[in-house]
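J.: So that we are looking at the same thing, I have put the structure below in structure tokens.
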There are 2 protein chains.
Amino acid sequence: MRVEIWSDIACPWCYIGKARFEKGLAAFAHRDEIEVVHRSFELDPHLAKGDTAPVIDMVAKKYGRTLDEARAMEEHVASNARAEGLAYRTEGRDHGNTFDIHRLLHLARASGRQDELLDLAYRANFADERSVFDPEVLVGLAVEAGLDADEARAVLTDDSAYADEVRADEREAAALGANAVPFFVIDRRYGVSGGQPAEVFTQALEQAWQGRTLVPVGTTDAAACDTDGACEVPQA
Amino acid sequence: MRVEIWSDIACPWCYIGKARFEKGLAAFAHRDEIEVVHRSFELDPHLAKGDTAPVIDMVAKKYGRTLDEARAMEEHVASNARAEGLAYRTEGRDHGNTFDIHRLLHLARASGRQDELLDLAYRANFADERSVFDPEVLVGLAVEAGLDADEARAVLTDDSAYADEVRADEREAAALGANAVPFFVIDRRYGVSGGQPAEVFTQALEQAWQGRTLVPVGTTDAAACDTDGACEVPQA
């Protein structure tokens, strides 16, 4: 089965939700049969590149709260993260446009390093003092994930590289009815919205596993070749 | 939506079925939203590498027919191929183990050239006088598909390269109940078996398109971040 996860680096519930999903997956008997694909979703696609602001300021403005109230809200998120064993800094983190990170995640997907890069980007953004809005930090993360520095830099300096792939992911999210992340889709059949408890993911995987019978379309006797090498040839 | 197509180069109905599927896809309004992935399926996984035999001899033996009868059967397949505009040679073609071709198709997939390589391999096998059981022919096809010759050769000389991927595809086919190819699966929800008429594929795509609503699992109010950048923080 295939699980597609729409998320954004700038989304703390995606960071937390990924850890919960992975716990849920670890408890699923057929976990080795699961392919995970990460899909792009920008929380703030309209922010200009390089237009960053401290998260606390952004939260205060967005919710019409004082800075202290915004800090308390961030502390609440942080406590959820820490409960999952994830480090989380509530100060010194910026919010901004994540288009370039998504393009880089598509490069990483092409060489099977997407999950590694996503984990490193989450850690840089939420746990460490590294800005994921700095291109050279992104190149460093790409290298840590096993990618080639020059290749990563080439993608970052060419705004069109993997841009179509990011947009296609976002169109697909919209087509599937998702306007918030994290958003988990199992075999395009079951959807899980938000950073649900690990048990919900295990349950969704089990439900999908039991229900994965195909609906046949067309006749059942069309010409085909079977496993002993014989090809059914009607009227031969 | 995603269409997965299990097939084998040695399977004439896969060659024909691919052309019919592509006609059916061309008539589907949302064809630009379709991702096609080719999956491995070996008709004769137990044949030793290099153990090839003329197709006509194989067909005669398999069905207990004379060589002339086997030729007539091949002519019947050929007439179906030609009706789809596909060249088809009924003589001089070998049957054999296709494991290496499948491994190479997985290499091609990693760089987005899988469909190109599959078309070239079908043409070599069914239309041209080129043996797909000759490693140097395979390297030539890989280069024509836009792959690097050394990379292709490295995969062909290392029997373990992409072997797990081929086996995983085959396990998935078995899990989905497929014992013959071509086998088409739309979003792991709808299945089309065999080289059906183009209209069946269009119909299956339309049916899948209309039915692609997700079954939600879990609560609907779990913490998430939405498109205006706001993160719902329960009890904040």
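J.: Anything over 32 Å Cα to Cα? Flag those among B:K18/B:K62; A:K18/A:K61; A:K18/A:K62; A:K23/B:K23, in the order listed. It would help to have the intermediate numbers written out before the result.
T.: On the way: B:K18/B:K62 25 Å; A:K18/A:K61 27 Å; A:K18/A:K62 25 Å; A:K23/B:K23 44 Å.
Going by Cα-Cα distance, A:K23/B:K23 fall outside the 32 Å limit.
J.: Another question, then. Kindly report the accessible area of segment B:1-73 per residue (heavy atoms of protein chains, probe 1.4 Å, no ligands, DNA or RNA), in Å².
T.: Working: 3100 Å² over 73 residues.
Heavy-atom SASA per residue in segment B:1-73 reads 42 Å².
J.: For B:R212, go 7 angstrom from Cα along the Cα-to-Cβ vector, then report the distances to that same point in the other copies in nm, smallest first.
T.: 1.9
J.: Nearest 10 degrees, 0 to 90: what angle lies between the long axis of helix B:163-175 and the longest principal axis of chain B (Cα atoms)?
T.: Helix B:163-175 and the main axis of chain B meet at about 80 degrees.
J.: In Å², nearest 100, what accessible area do chains B and A bury in total when the solvent probe is 1.4 Å?
T.: Working: alone 12520 and 12540 Å², together 19980 Å².
For B against A, buried area totals roughly 5100 Å².
J.: Another question, if that's okay. Quick one: what are the phi-derived ³J(HN,Hα) couplings along segment B:148-159, Karplus 6.51/-1.76/1.60 with θ = phi - 60°, whole Hz, x for glycine and proline?
T.: Residue by residue, segment B:148-159 yields 7, 4, 5, 5, 4, 5, 4, 5, 5, 8, 10, 4 Hz.
J.: Would you grab the residues whose amide H sits under 5 Å from the one on A:R2? Only those 5+ places off in sequence or on another chain, please, with H modelled 1.01 Å from N.
T.: Counting only residues 5 or more places away or on other chains, the set is A:E35, A:D187.
J.: Can you give the angle from 0 to 90° between the axis of helix B:67-83 and the longest principal axis of chain B, with both taken from C-alpha atoms, to the nearest 10?
T.: Once rounded, the angle reads 40 degrees.
J.: Report the accessible area of B:T219, computed with a 1.4 Å probe over the heavy atoms of all protein chains in place, in Å² rounded to the nearest 10.
T.: 80
J.: What are the residues whose amide H is under 5 Å from the amide H of B:R39, where those residues sit 5 or more places off or on another chain and H is modelled from the backbone?
T.: The answer is B:I5, B:W6, B:S7.
J.: Roughly how many whole Å is it from the C-alpha centroid of segment B:140-201 to that of segment A:78-156?
T.: So the two Cα centres are separated by 32 Å.
J.: May I pose another question? Read phi for every residue in segment B:17-26 and hand back ³J(HN,Hα) as whole Hz from Karplus 6.51 cos²θ - 1.76 cosθ + 1.60, θ = phi - 60°, with x for Gly and Pro.
T.: So the J values, rounded to whole Hz, are x, 4, 5, 5, 4, 5, 5, x, 5, 4.
J.: Moving on. Would you mind getting me the FRET efficiency between B:E75 and A:R65? Use the beta-carbon distance for r and R0 = 56 Å, nearest 0.05. All intermediate terms of the calculation are to be shown ahead of the outcome.
T.: On the way: r = 78 Å, r/R0 = 1.40.
It comes out at approximately 0.10.
J.: Further question on the same structure: Simple spin-label model, 7 Å along Cα-to-Cβ: B:A87 to B:D221 in nm?
T.: So the label points at B:A87 and B:D221 sit 6.7 nm apart.
J.: Quick one: label points 7 angstrom along Cα→Cβ at A:K23, distances to the other copies in nm, smallest first?
T.: Those label-point separations list as 5.5 nm.
J.: Please enumerate, by chain and number, the aspartates and glutamates with C-alpha under 19 Å from the C-alpha of A:K49, excluding those fewer than 8 residues away in the same chain.
T.: List returned: A:D8, A:D57, A:D94, A:D100, A:D134, A:E136, A:D158, A:D159, A:D164, A:E165, A:E170, B:D228.
J.: Then there is this: Output, in nm with one decimal and in ascending order, the distances from the A:N179 label point to the matching label points of the other copies (7 Å from Cα along Cα-to-Cβ).
T.: Taking the point 7 Å beyond Cα along Cα→Cβ, the inter-copy spacings are 4.9 nm.
J.: Applying 1/(1 + (r/R0)^6) with R0 = 30 Å to the Cβ-Cβ distance of A:D148 and A:E35, what FRET efficiency is obtained, to the nearest 0.05? Walk me through the intermediate numbers first.
T.: Values: r = 24 Å, r/R0 = 0.81.
Rounded to the nearest 0.05, the efficiency is 0.80.
J.: Another question, if that's okay. Counting only protein heavy atoms, what percent of the accessible surface of segment A:2-226 is carbon or sulfur at a 1.4 Å probe? All intermediate terms of the calculation are to be shown ahead of the outcome.
T.: Details: 4670 of 9400 Å².
C and S fraction of accessible area: 50 percent.
J.: Quick check: pseudo-label points 7 Å beyond the Cα along Cα→Cβ at A:R130 and B:D164, how many nm apart are they?
T.: Calculated label separation equals 2.5 nm.
The values are calculated or read from the model by the stated rules, or taken from the named source; none is laboratory data. Predicted, not measured: the structure shown is a model, and the values here were computed from it. With ideal geometry, Cβ positions are generated from the backbone for all residues, glycine too; neighbour counts draw on all protein chains shown. Calculation scope for accessible area: heavy atoms of the full protein, side chains included, ligands and nucleic acids excluded. Shrake-Rupley method; radii C 1.70, N 1.55, O 1.52, S 1.80 Å.
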